[in-house]
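Colleague: Shown below is the structure under consideration.
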Amino acid sequence: MEELREDRRYTYADYCTWDDNERWEIIDGEAYSMSPAPRPRHQSVIGEIYGQLRGFLKGKPCKAFIAPFDVRLDETGQDDTVVQPDLVVICDRSKIDDKGCNGAPDLVIEVLSPASASRDRWVKFNLYQRFGVREYWIVDPDSGTVAAHLLESGKYTAFAYGDTGTAPVAVLPGCDIDLKEVFEEL
């Protein structure tokens, strides 16, 4: 892979030529490294959320995917953005192709890590809002909290949940995530 330059905009076509052993995202043409690998606590938290969602979605039309899974947010062909959220739920199966997801998922969940916290809270928040992700969760494994953002009239409205209760998934009526299980110590 060529050395990435700050003065260059990258596209999904560039991304497809990069080494598969390295994880990257491109947001509005700017490349972001996905290194280092997530911590065990991060993996435990996302694994538990995925397990609960997967159980709820059995026999339903929506499908959950866990990273690494490419999401090309702009389905109109503007290909300067591809992200790999920790977890996505897609209810419109026509958005799923051999490369991942083409268009906005219904739910995106990002688990904070030291290397990505700022990007998840600001850059991706604005990105997902702009592309119409209906629900965006920012999960903080250190504080045991979930900030759930619901898209209403093009803007996110935030709801906060703690580690001892449940968090409803608005885009999946009847689905409540047991946060006590999610944040249980390793």
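The values are calculated or read from the model by the stated rules, or taken from the named source; none is laboratory data. Everything numeric in this text was worked out from a predicted model, so none of it was measured. When we count neighbours, we look across all protein chains shown, and the Cβ atoms used for this are built from the backbone with ideal geometry, even at glycine.
Colleague: When you scan the stretch 52-72, do you find a residue that is within 27 Å of Gly29 (Cα to Cα) and touching a residue at least 60 places away in the same chain (Cβ under 8 Å), even just one? Working first, answer last.
Modeller: Of the stretch 52-72, the ones within 27 Å of Gly29 (Cα to Cα) are 64-72.
Filter once more, so that each one left must be touching a residue at least 60 places away in the same chain (Cβ under 8 Å): 72.
Yes: the stretch 52-72 contains one or more residues that are within 27 Å of Gly29 (Cα to Cα) and touching a residue at least 60 places away in the same chain (Cβ under 8 Å).
Rundown of residues vs (1) in contact with a Ser or Thr (Cβ under 7 Å, 6 or more places away or on another chain); (2) closer than 26 Å to Glu185 by Cβ; (3) aliphatic (A, V, I, L, M), yes/no style:
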| position | (1), (2), (3) |
| --- | --- |
| Phe56 | no, yes, no |
| Leu73 | yes, no, yes |
| Asp79 | yes, no, no |
| Lys95 | no, no, no |
| Ile109 | no, yes, yes |
| Trp122 | no, no, no |
| Pro141 | no, yes, no |
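Conditions (1) buried (at least 17 other Cβ atoms within 10 Å of the Cβ); (2) free of Cβ contacts under 8 Å to residues at least 12 places away in the same chain; (3) of a type in the set (A, V, I, L, M), marked per residue:
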residue	(1), (2), (3)
Thr76	no, yes, no
Pro105	yes, no, no
Ile109	yes, no, yes
Phe125	yes, no, no
Tyr128	yes, no, no
His149	yes, no, no
Thr157	no, yes, no
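Colleague: Considering each residue of the stretch 57-83, count those that are of a type in the set (A, V, I, L, M, F, W, C) and either in contact with a Phe, Trp or Tyr (Cβ under 7 Å, 6 or more places away or on another chain) or farther than 22 Å from Pro141 by Cα (or both), and give that number.
Modeller: Matching residues across the stretch 57-83 total 7.
Colleague: Only one residue in Gln43, Gln84 is polar (S, T, N, Q) and in contact (Cβ under 8 Å) with a residue 24 or more places away in the chain. Which one?
Modeller: Answer to the check: Gln84.
Colleague: Moving on. Just checking, does the stretch 110-129 include any residue being under 25 Å from Pro61 (Cβ atoms) and in a helix (DSSP H, G or I)?
Modeller: Keep residues of the stretch 110-129 that are under 25 Å from Pro61 (Cβ atoms), which gives 110, 128-129.
Within this subset, residues satisfying the condition of being in a helix (DSSP H, G or I) are 128-129.
Looking for residues that are under 25 Å from Pro61 (Cβ atoms) and in a helix (DSSP H, G or I), one finds at least one in the stretch 110-129, hence yes.
Colleague: Considering only residues that are over 20 Å from Ile177 (Cβ atoms), surrounded by fewer than 18 Cβ atoms within 10 Å (Cβ to Cβ) and not acidic (Asp, Glu), which ones fall in the stretch 41-74?
Modeller: Pro68
Colleague: Okay, next question. Condition first: out of contact with any Phe, Trp or Tyr (no Cβ under 8 Å at 6 or more places or on another chain), among the aliphatic types (A, V, I, L, M) and within 21 Å of Ser35 (Cα to Cα). Can you find one or more residues in the stretch 129-139 that meet it?
Modeller: yes
Colleague: Listed residues Val88, Val133; which is crowded, with 22+ Cβ neighbours inside 10 Å, closer than 15 Å to Ile46 by Cα, under 17 Å from the mean Cα position of the chain (by Cα) and modelled with pLDDT of 95 or more?
Modeller: Val88
Colleague: Checking Thr17 against (1) β-branched (Val, Ile, Thr); (2) crowded, with 18+ Cβ neighbours inside 10 Å; (3) over 18 Å from Arg121 (Cα atoms); (4) without any contact (Cβ under 8 Å) to a residue 60 or more places away in the chain, which test does it fail?
Modeller: (2) is the only condition that Thr17 fails.
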